[in-house]
Amino acid sequence: MQPFFSWRSTRPILPCLLLVLLGGIAPAQAERVKDLASVQGVRSNQLVGYGLVVGLDGTGDQTSQAPFTIQSIRNMLAEFGIVVPPDANPQLKNVASVSVQAELPAFAKPGQRIDVTVASIGNAKSLRGGSLLMTPLKGADGRVYAMAQGNLAVGGLGVSGRDGSRISINIPSAGRIPGGASVEREVPSGFAQGDEIRLNLHNPDFTTANRLVEAIDRRFGAGIARAQDAASVSLRAPASAEHRVAFLAALETLELEPGGAPARIIVNSRTGTVVINSAVRLSPAAISHGKLTVRIDENPQVIQPAPFSRGQTAQQEDSKLSAEEGGKKVALFRPGASLAKVVDALQPPVELLGHQNRAQGLRHRVFERL
């Protein structure tokens, strides 16, 4: 834990112990299958592209430091039959090179619209007011799956003065185009192939996988589901895609109680934070703890030069350091002690010394119960 010191003040350095009851002692609630697992092979795909944003108000790339922007402009104009002289060095402050990203949902069909995110890859100050030129979006296989184009919606704002000062709110060099890309190619999936469907749990757990199999067998008959491991459950699926859709529609609404989280204790030695969930059971233990108070007194002295001398007024530092250890006590816990009793037993008194300490008293709220 980093100590906070102030002039002519003392402050105790207290061990920061945060005991958090995660989930409490209430029983776990039933959850739907669609919230616990996903169908293998039914997933989204990432798309990426490189494009140009035009129409900026002088906040585009500085072409002297981003030559690829000029190269992109030359290549684009050449596609329209316009040849830029090789010795020309245009300064296009209203153009920016950007990366375009999108996520192609599962079963997306040609003609459907998806959102895109646009971010500057040069030194453009802001993309506010810009428009993205037609940009092909490619998948991991290098094929084009969507085309993006449109006006950017930028949530950030950046302004600068002539002296170099600058104020930036959020991130003005990135924006979004809602529905800015049109799907051009469908990603093939194996949803209608094979005689099995596999469900993958978001959080692998043997208890949850077993309960999922039992819930499916109760609803659709014995032998329909079979657990492969702690993360996967295979199902005998109908042959036709139409019947599979109806089968999964009924399956994903099933409710079951997932397995409880394992007992876990997380210790952060850097911040002095300890997180304990409700599954932890306490054995007989004795805990000794105390506090360490560090005092720093700063008394700077002003030294004046001798009269009619060439010396200069200077400040001489005078620091006094002291450390005191005290407040030791021992807490004894019997079997089955709750976390609330641990918090009450270990909570030390909070000392606030000095007027500056009172202003920052919230820093000394060592214990917190959730």
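Filtered by the rule that a residue be over 21 Å from SER72 (Cα atoms) and assigned to a loop (DSSP other than H, G, I, E, B), the stretch 91-137 gives PRO105, ALA106, PHE107, ALA108, LYS109, PRO110, GLY111, GLN112.
For ALA286, the requirement of being surrounded by 10 or more Cβ atoms within 10 Å (Cβ to Cβ) and among the aliphatic types (A, V, I, L, M) is not met.
Is there a residue being hydroxyl-bearing (Ser, Thr, Tyr), touching a residue at least 24 places away in the same chain (Cβ under 8 Å) and either surrounded by 10 or more Cβ atoms within 10 Å (Cβ to Cβ) or assigned to a loop (DSSP other than H, G, I, E, B) (or both) anywhere in the stretch 307-326? Taking every residue of the stretch 307-326 in turn, at least one turns out to be hydroxyl-bearing (Ser, Thr, Tyr), touching a residue at least 24 places away in the same chain (Cβ under 8 Å) and either surrounded by 10 or more Cβ atoms within 10 Å (Cβ to Cβ) or assigned to a loop (DSSP other than H, G, I, E, B) (or both). For beta carbons closer than 8 Å, sequence separation of 6+ or different chains, a first residue in the stretch 191-204 that is acidic (Asp, Glu) and a second that is part of a strand (DSSP E or B), the qualifying pairs are ASP195/ARG236; GLU196/SER234; GLU196/LEU235; GLU196/ARG236. Taken as a whole, the condition of being assigned by TED's automatic domain parsing to the domain that holds GLY194, in contact with a Leu (Cβ under 6 Å, 6 or more places away or on another chain) and not charged (D, E, K, R) does not apply to ALA209. Within the stretch 228-276, the set of residues being free of Cβ contacts under 8 Å to residues at least 24 places away in the same chain and acidic (Asp, Glu) comprises GLU242 only. Of the residues that make up the stretch 79-93, is at least one among the aromatic types (Phe, Trp, Tyr) and either modelled with pLDDT under 55 or closer than 30 Å to SER173 by Cα (or both)? Looking through the stretch 79-93, at least one residue is among the aromatic types (Phe, Trp, Tyr) and either modelled with pLDDT under 55 or closer than 30 Å to SER173 by Cα (or both).
Evaluate the stretch 86-100: report whether one residue or more is without any contact (Cβ under 8 Å) to a residue 40 or more places away in the chain and among the small types (Gly, Ala, Ser). Yes: the stretch 86-100 contains one or more residues that are without any contact (Cβ under 8 Å) to a residue 40 or more places away in the chain and among the small types (Gly, Ala, Ser).
Give the residue, chosen from ALA209, ALA225, that is within 14 Å of GLU252 (Cα to Cα), of a type in the set (Gly, Ala, Ser) and touching a residue at least 12 places away in the same chain (Cβ under 8 Å). The unique qualifying residue is ALA225. Residue check: is PRO262 exposed (fewer than 12 other Cβ atoms within 10 Å of the Cβ) and under 31 Å from the mean Cα position of the chain (by Cα)? When the stated conditions are applied, PRO262 passes them. Taking the stretch 197-302 as the region of interest, the strands (runs of 3 or more DSSP E) fully inside it that hold 2 or more residues being at pLDDT below 85 and over 18 Å from GLY41 (Cβ atoms) are 265-268, 273-277, 285-298.
Pairing each residue of the stretch 278-291 that is touching a residue at least 60 places away in the same chain (Cβ under 8 Å) with any residue that is of a type in the set (Phe, Trp, Tyr), provided the two are 6+ apart or on different chains, yields C-beta distances under 8 Å for LEU282/PHE333. Candidates are the residues of the stretch 148-195 that are of a type in the set (D, E, K, R) and assigned to a strand (DSSP E or B); the one that is modelled with the lowest pLDDT is ARG166.
The values are calculated or read from the model by the stated rules, or taken from the named source; none is laboratory data. Since the structure is predicted, the reported quantities are computational estimates derived from the model, not experimental observations. Using ideal geometry, Cβ is built from the backbone for each residue, glycine included, and neighbour counts are taken over all protein chains shown.
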